[in-house]
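Reading through the structure tokens given below for one structure.
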Amino acid sequence: MNCPFCNSDQIVVRNSRPSRKNTQIWRRRQCLTCNGIFTTREKMTASFIVVEKKDGHHMQFAHSKLFASIYRSLIEHKYNDFGNSASTAQDLTQKIEEFLIYKKIKLIKTKDLCKLTFRIIAKNYPDAAIRYYIYFNHHSSVSEYLRQIKKILAV
Ligand SMILES: [Zn+2]
């Protein structure tokens, strides 16, 4: 890593602190050449996880896709401003990734990832969870929506 100010590679770590259940670490770094101080964040990645699509196709887990789907379900909330929705979506995405890492999941079906995401959103943002669910699922009656959602929440 090089200094963002002078590009020197003479960098030392002055301080570090873990966060979010030890899946992230912040480091305060100092450049020995120009004394510039900057912070870096190291976080565990879930990008090694493979997502199996409905048609059997395999794809690499994409943080940005999960984030986008959560963000979309949050922004329609009339009490949520855009800034809050982005950081909330970021937190929820992180929670899901941490869960997958913690459970040592290497392969997950899209369907199961959607259920997991729904459950995690539903804990604090039930209305966003419903929007999220509707975006990914189609049923022919309200009672079927309720039945399927109850099934997911019962796990
Ligand atoms: Zn420097």
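Descriptive notes on the structure:
- Cβ-Cβ distances below 7 Å connect the following pairs, each with a first residue in segment 31-52 that is closer than 27 Å to LEU92 by Cα, a second residue that is more than 16 Å from the ligand (Cβ to nearest atom) and among the acidic types (Asp, Glu), and a separation of six or more residues or different chains: ALA46/GLU97.
- So SER73, is it within 26 Å of ILE25 (Cα to Cα) and not assigned by TED's automatic domain parsing to the domain that holds ILE25: no
- Within segment 24-75, the set of residues being part of a strand (DSSP E or B), aromatic (Phe, Trp, Tyr) and within 19 Å of the chain's Cα centre (by Cα) comprises just one member, TRP26.
- Verdict on ALA86 being closer than 19 Å to ASP127 by Cβ, modelled with pLDDT of 90 or more and assigned by TED's automatic domain parsing to the domain that holds ASP127: no
- Count of residues meeting criterion [exposed (fewer than 13 other Cβ atoms within 10 Å of the Cβ) and more than 14 Å from the ligand (Cβ to nearest atom)] in segment 1-38: 7
- Within segment 118-151, the set of residues being assigned to a helix (DSSP H, G or I) and farther than 18 Å from LEU92 by Cα comprises ILE134, VAL142, SER143, GLU144, TYR145, LEU146, ARG147, GLN148, ILE149, LYS150, LYS151.
- Residues (surrounded by fewer than 16 Cβ atoms within 10 Å (Cβ to Cβ) and among the basic types (Lys, Arg)) located in segment 102-155: LYS103, LYS104, LYS106, LYS109, LYS111, ARG119, LYS123, ARG147, LYS150, LYS151
The values are calculated or read from the model by the stated rules, or taken from the named source; none is laboratory data. In this text, all values refer to a predicted model and were calculated from it rather than measured experimentally. Positions of Cβ are generated from backbone atoms using ideal geometry, with glycine treated the same way; all protein chains shown enter the neighbour counts.
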